[in-house]
C-alpha cells in the first residue's frame, strides 16, 4: 500500500484516495507493467502481451494471490473465487 498511497497523495484528492476502484486500478496497472517488462520493449506487440496475460496466474498486485481464468465455463472472466482480507489493526480515530 505505501506505493499506492504515495501516488494517490501526488495525483489524487484525499477524498478519492480510499476509493477501492482506484486501488484496484493501481494494482492492475502494476501487473500490466510487470507483464510488459517481462515481454521486453523490443518484443511488445498485441499478441505477445495477450499471450503473457493468458499465461499469468498471479499474484495480482493488491489483489488475488492466484488466478485461474476459465474455471467456470459460464463465467470465463471470473479468475478467482477467493477473498483476501486485511488483518491490519484499525487505526482510525473516532
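Read the figures in this text as sums done on the coordinates, not as results from a lab. Owing to the predicted nature of the structure, the values given are computational and were not obtained by experimental measurement. For neighbour counting, all protein chains shown are included, and Cβ atoms are generated from backbone atoms with ideal geometry for every residue, glycine included.
Some notes on this structure:
- Peptides 21-32, 44-55 ordered by packing proxy, namely the average of other Cβ atoms within 10 Å per residue, highest first: 21-32, 44-55.
- Shape of segment 1-44, Cα gyration tensor, a/c cut at 1.5: prolate
- Relative to the dominant Cα principal axis of the chain, helix 20-39 is inclined by about 40°.
- Cα-based helix-to-principal-axis angle, 46-55 vs the chain, degrees rounded to 10: 70 degrees
- Between helix 2-11 and the chain there is an angle of about 80 degrees, using the helix long axis and the longest principal axis of the Cα atoms.
- Residue 29 versus residue 7: modelled label distance in nm, points set 7 Å from Cα along the beta carbon direction: 0.4 nm
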